[in-house]
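First up is the structure itself, then whatever we jot down about it.
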Amino acid sequence: MTQASICTIGDEILIGQIVDTNSSMISRALEAIGIKVTRMLSFGDDHDEIISNLTNELEHNQIVITTGGLGPTKDDITKAALAELSCSAYNVVNEVQLRIIHEILGARGLDVLDINEAQAQVPDTCDVIPNRLGTAPIMVFRFPEERFGHPATLYSLPGVPFEAQGAVPDIIEDIRSHTPLTDIFHKCVMVAGMAESALSKLIAPWEDNLPSDMHLAYLPNQLTGVRLRLSIYGGNKEDEEKRIDDQFALLAPILGDKIYSFQDDTLQNAIGSIFRGSGMTLSAAESCTGGMISSLLTSVPGASEYYLGSVTSYAIAVKQHVLDVSPETIGFYGVVSQEVAAAMAEGVRKLTGSTYSVATTGLAGPGGDGRNEVGTVWIGISGPNGTKTVRKVYKNDRTRNIERFTSAALDELRLFVIEDLRKSK
């Protein structure tokens, strides 16, 4: 299995002046061709630091990709460090990059200065992939086995994100032509309604019996639940896919309806799969989620086939006058209550004429209402066979509470409809 390290060079990364988006983009491209990224690291514009870190990465990986430190100014010192690392004796001018420099600056109406032309000078120890989107060339240093204990290649890319992105296809092509590759196969199961810790405990026997070459990752997300990803590094893709499918088939009866998809997916897509083509329709009444449920549901292509609309009833007056929640119910039980959630769900279902509806009322925080703890949400779901309410409590900040409320509401809606459909068979 070919391993790679991705390094970002520049003080601006370390002080938080800019965000590193290059590493994740490069990592995805490497993973797609079967290369395992073992490390991502950042270090500053220091000559000795660059050489020390890159030496260490080359000793442990067959491929190292750097971004940054290739500009025309004095603080961009990566090229000089790479020249020393590769034992370069002198610089040579890459005529293709020099021509590109003149074309780019000329098109901008700028004079070509000496420091601009100097960017076309590269160590004699490297191959050059022309950078057609900027002035700094892409340098490729190939090290023999005796240097680091294995053949190793270092790719030096510009740090400007669109230039780095433009360079990746050329880098991938070069890797393919010089490096023996094997497959990496990943497959996911999406699980909702369970905390990562509880999920881990429940499936521990299954996980303990996984083949030694399969790697399980838990990837939680506020809106989509926990993504369980099985990975196999190396081997034949078709064979590995079947082996992972066999393992997930053993997992299915353990988790049941907690699994909402056997691929990387979202709850709103899973709901769309249930409603699309069924003739059933859906509506929402939102208070504490502020329209997020509706936003997610309508993000699914073709949602207009089944999703009728929503009422964002943030104010009590809207709950009363639009959703027909009685003042007596609100006065006696409070806005954040089982009774109000049920009335909201029934009200929007009647208003829109939908088959099913979902409603939320809760306290996202930081303030409370004197009756419920902050982080409480009541979810109401209404359908042809009645109305159900569910209470959840989350201990997060306001933003994450709203996301958790939304996710919980979508999942409870999904489970409610699935159960209805089973009963009707």
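The values are calculated or read from the model by the stated rules, or taken from the named source; none is laboratory data. Predicted model, so just to flag it, every value in this text is computed and none were measured. We place every Cβ from the backbone using ideal geometry, glycine too, and count neighbours over all the protein chains shown.
Residues in region 35-57 that are of a type in the set (S, T, N, Q) and within 27 Å of the chain's Cα centre (by Cα) were compared, and the one that is nearest to Ala80 (Cα to Cα) is Ser42.
Is there a residue in region 173-196 that is within 22 Å of the chain's Cα centre (by Cα), assigned to a helix (DSSP H, G or I) and not assigned by TED's automatic domain parsing to the domain that holds Ser27? Yes - at least one qualifying residue is present in region 173-196. With Arg142, Arg132, Arg108, Arg176 as the choices, which residue is free of Cβ contacts under 8 Å to residues at least 12 places away in the same chain and basic (Lys, Arg)? Going through Arg142, Arg132, Arg108, Arg176 in turn, just one is free of Cβ contacts under 8 Å to residues at least 12 places away in the same chain and basic (Lys, Arg): Arg108. Among the residues making up region 154-172, a single one is buried (at least 22 other Cβ atoms within 10 Å of the Cβ), in a loop (DSSP other than H, G, I, E, B) and either under 22 Å from the mean Cα position of the chain (by Cα) or outside the structural domain of Lys36 (by TED's automatic domain parsing) (or both): Gly159. Report yes if Met280 is surrounded by 14 or more Cβ atoms within 10 Å (Cβ to Cβ), among the hydrophobic types (A, V, I, L, M, F, W, C) and either in the same structural domain as Asp411 (by TED's automatic domain parsing) or in contact with a Cys (Cβ under 6 Å, 6 or more places away or on another chain) (or both), otherwise no. Considered against the rule, which asks whether it is surrounded by 14 or more Cβ atoms within 10 Å (Cβ to Cβ), among the hydrophobic types (A, V, I, L, M, F, W, C) and either in the same structural domain as Asp411 (by TED's automatic domain parsing) or in contact with a Cys (Cβ under 6 Å, 6 or more places away or on another chain) (or both), Met280 comes out as yes. Within region 43-70, take every residue that is touching a Gly at 6+ places or on another chain (Cβ under 8 Å) and of a type outside the set (Asp, Glu) and give me the one that is nearest to His186 (Cα to Cα). Applying the filter and picking the extreme gives Thr67. Evaluated against (1) surrounded by fewer than 15 Cβ atoms within 10 Å (Cβ to Cβ); (2) closer than 18 Å to Ala4 by Cβ, Thr73 falls short on exactly one condition, (2). The residue of region 197-216 that is nearest to Glu412 (Cα to Cα), among those that are among the aliphatic types (A, V, I, L, M) and within 21 Å of the chain's Cα centre (by Cα), is Leu199. Return yes or no: is Leu267 under 30 Å from Leu410 (Cβ atoms), exposed (fewer than 15 other Cβ atoms within 10 Å of the Cβ) and touching a Lys or Arg at 6+ places or on another chain (Cβ under 7 Å)? Criteria not met by Leu267.
Scanning region 99-117 for residues that are under 38 Å from the mean Cα position of the chain (by Cα) and farther than 24 Å from His47 by Cα, we see that the one that is surrounded by the most Cβ atoms within 10 Å (Cβ to Cβ) is Ile101. Evaluate the following for Pro137: is it farther than 21 Å from Ile26 by Cβ and crowded, with 20+ Cβ neighbours inside 10 Å? Answer is no for this residue. When we screen Gly331, Gly353 for residues that are within 20 Å of Pro384 (Cβ to Cβ) and more than 26 Å from the chain's Cα centre (by Cα), the only hit is Gly353.
When region 363-406 is filtered for residues that are closer than 23 Å to Thr352 by Cα and either small (Gly, Ala, Ser) or touching a Pro at 6+ places or on another chain (Cβ under 9 Å) (or both), the ones remaining, listed by number, are Gly380, Ser382, Gly383, Gly386.
Count of region 373-425 residues, restricted to those that are more than 14 Å from Thr289 (Cβ to Cβ), part of a helix (DSSP H, G or I) and either in contact with a Ser or Thr (Cβ under 7 Å, 6 or more places away or on another chain) or not small (Gly, Ala, Ser) (or both), is 10. Reported count of residues in region 279-302, each being small (Gly, Ala, Ser) and farther than 21 Å from Lys350 by Cβ, is 4.
Just one of (1) exposed (fewer than 15 other Cβ atoms within 10 Å of the Cβ); (2) within 14 Å of Ile172 (Cα to Cα); (3) touching a Ser or Thr at 6+ places or on another chain (Cβ under 9 Å) fails for Ile26. It is (1). Against the definition (among the β-branched types (Val, Ile, Thr), buried (at least 20 other Cβ atoms within 10 Å of the Cβ), at pLDDT 95 or above and out of contact with any His (no Cβ under 8 Å at 6 or more places or on another chain)), how does Thr66 come out, yes or no? Criteria met by Thr66. Scanning region 91-138 for residues that are assigned to a loop (DSSP other than H, G, I, E, B) and closer than 17 Å to Pro158 by Cα turns up Asn94, Pro130, Asn131, Arg132, Leu133, Gly134, Thr135, Ala136, Pro137. Candidates are the residues of region 373-425 that are modelled with pLDDT of 95 or more and small (Gly, Ala, Ser); the one that is farthest from Val348 (Cα to Cα) is Gly375.
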